[in-house]
Amino acid sequence: MYTQEQTITEKRLINLTISSPVNVSVYYNTKSTLLMSIDLNTGINNDTKEIMSEDNFKLIFVTHGFEKSINFIAKPYDLPCRYEFNLADMLSQEEIISSYDRDAAIYYINIEPNGYAFEQMQSVAEESDIELLHNKLIELSSVEESDAHNDYLIACCAMALGKNAEKYEKAEEIETIRTVYENYNSKETYGYIFEKFINETVEE
């Protein structure tokens, strides 16, 4: 368990904003007191709560792959304190990847695709998931009236498919990405994602 001290200049009423690059549950002092849940699948990467605190308090961050306990020290003033804490400052890339949840990512890709689900699948997908990513890319790119959000999801899906096509040596999936790219509406915005895989096609 990782512990680090942070200093807060004021005490008592604390307006606490937590940001996180991963899904995480934040507990206050003990794991029986849930303070907030940050769920990037719903587009939430930060939350704000007001707490009445003693001089010292602890936040416990619990996610799929790790748990961190961080001690905070507040000086004894009565004025409200606004404090922002970004969990990203405490995490290594390995810890971020360890927090990724393949089952949750598959669930959201099936019912309501989002960028975070595809981001996770870049790292945690298994070879059997390539079919899911292939089918979802075809589905997303077949929408007749695509908008900016859908184009974003197409690019995210193409990235996940491309990464896993490279990982599992499925060169034929590059053709899927190339076909989607031919009729893609947001080449100026996200075209570089497709071009990365198209240009790196391994010659037989």
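General remarks:
- Of all residues in segment 26-47, those that are open to solvent by 30 Å² or more (accessible area, probe 1.4 Å), touching a Leu at 6+ places or on another chain (Cβ under 9 Å), modelled with pLDDT of 95 or more and not aromatic (Phe, Trp, Tyr) total 1.
- On inspection, ALA171 qualifies as surrounded by fewer than 18 Cβ atoms within 10 Å (Cβ to Cβ), of a type in the set (Gly, Ala, Ser) and farther than 20 Å from PRO113 by Cα.
- Against the list (1) more than 16 Å from LEU153 (Cβ to Cβ); (2) not in a helix (DSSP H, G or I), the condition PRO113 fails is (1).
- Scope segment 122-141; condition of a type in the set (D, E, K, R), touching a residue at least 24 places away in the same chain (Cβ under 8 Å) and assigned to a helix (DSSP H, G or I); matching residues: GLU127, ASP129, LYS136
- Total residues in segment 168-193, condition assigned to a loop (DSSP other than H, G, I, E, B), over 24 Å from the mean Cα position of the chain (by Cα) and not charged (D, E, K, R): 4
- Inside segment 10-52, residues that are within 28 Å of PHE118 (Cα to Cα), charged (D, E, K, R) and assigned to a loop (DSSP other than H, G, I, E, B) make up a count of 1.
- No other residue among GLU119, GLU144 is among the charged types (D, E, K, R), without any contact (Cβ under 8 Å) to a residue 60 or more places away in the chain, at negative phi and not in a helix (DSSP H, G or I) apart from GLU144.
- Each residue in segment 115-129 was checked for being in contact with a Lys or Arg (Cβ under 9 Å, 6 or more places away or on another chain) and over 21 Å from TYR190 (Cα atoms), and 5 of them qualify.
The values are calculated or read from the model by the stated rules, or taken from the named source; none is laboratory data. Keep in mind that what you see is a predicted model, and the values were worked out from it rather than measured. We place every Cβ from the backbone using ideal geometry, glycine too, and count neighbours over all the protein chains shown. Keep in mind that these areas ignore ligands, DNA and RNA; they rest on the heavy atoms of the full protein, side chains included. Shrake-Rupley method; radii C 1.70, N 1.55, O 1.52, S 1.80 Å.
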